[in-house]
Amino acid sequence: MTSQASTPAYRRLSVEERRSQLLEAALSLFAHRAPEEVSLDDVAEAAGVSRPLVYRYFPGGKQQLYEAALKSAADELRDCFDEPEEGPLVPRLTRAVERYLAFVGRHDAGFSALLQGGSVVETSRTTAIVDGVRRAAAEHILRHLGVEGPGPRLRMTIRMWITAVEAASLIWLDEDKQPPLEELRDWLVEQFVAVLTVTARRDAQTDTLVQALAADL
């Protein structure tokens, strides 16, 4: 009985459960420290396992673990915009932005390091992962707008707004998460409608969308 009780818990986890546990531990560390400041020993300690076990799941070492953790975070960010396509657009976008900001708030330092770049573990693959989130967000928004074949002005407007949301998120973290999340959320959604309105003056496709959005406000 004593021998069984002392058996490390990690031996009872499946391969997928163990991998998920290691990624969760890594994400927690990357959320509060720059990637280059996190070692495999840190991840092993946070997960309550040995360093060799971390290597068993991530034989590529810290780089592979970082990229896997980044992809996991990117998948979660994509899910932020996965909103049912029903009901008025503005409330849908509001819920998506709120989930996005909540993610930013939970992964503050790691989110900053991710978007600002400059990490010693940054590669073309990690950059592609981050850019993939931006493109997925733009596609989600276009789908919610019900637009097929968006013109260049509309595409540019949406991508500019996504960039603005990222910048606002970084500034929000620098300002100790002020204004409150709900206020920032509403402000960003209002900015989305505002930039569409400006574009509508030059683009008939966007003008049609803005007229439809007027009913939601």
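Against the globular-protein guess of 2.2 N^0.38 Å, express the Cα radius of gyration of the chain as a ratio, rounded to two decimals.
Cα-based Rg divided by the globular estimate yields 1.22.
Dipole size in debye (nearest 20) for the stretch 137-217 around its Cα centre, Lys and Arg Cβ +1, Asp and Glu Cβ -1?
Rounded to the nearest 20 debye, it is 460 debye.
Taking the full set of protein chains and a 1.4 angstrom probe, give the accessible area of W187 in square angstrom, rounded to the nearest 10.
130 Å²
Within the chain, what is the longest stretch that has no GluC sites (Glu not before Pro) placed in a DSSP loop and near at most 16 other beta-carbon atoms within 10 Å?
The longest uninterrupted stretch comes out as 1-84.
Carbon and sulfur: what percent of the chain's accessible surface (1.4 Å probe)?
Roughly 52 percent of what the probe reaches on the chain is carbon or sulfur.
How much accessible area per residue does the chain have, in Å², with a 1.4 Å probe?
Here the residues of the chain average 55 Å² of exposed surface.
With springs only between Cα atoms under 10 Å apart, run a GNM on the chain and tell me which of V97, V49, V165 wobbles the most.
Among V97, V49, V165, the largest mean-square fluctuation in the Gaussian network model of the chain belongs to V49.
About the Cα centre, and with charges only on the beta carbon of Lys, Arg (+1) and Asp, Glu (-1), how big is the dipole of the chain? Nearest 20 debye, please.
680 debye
The values are calculated or read from the model by the stated rules, or taken from the named source; none is laboratory data. These numbers come from a predicted model, not from an experiment. Because the Cβ atoms are built from the backbone with ideal geometry, glycine has one as well, and the counts that use them run over all protein chains shown. These area figures cover heavy atoms from the full protein model, side chains too; ligands, DNA and RNA do not enter into them. Shrake-Rupley method; radii C 1.70, N 1.55, O 1.52, S 1.80 Å.
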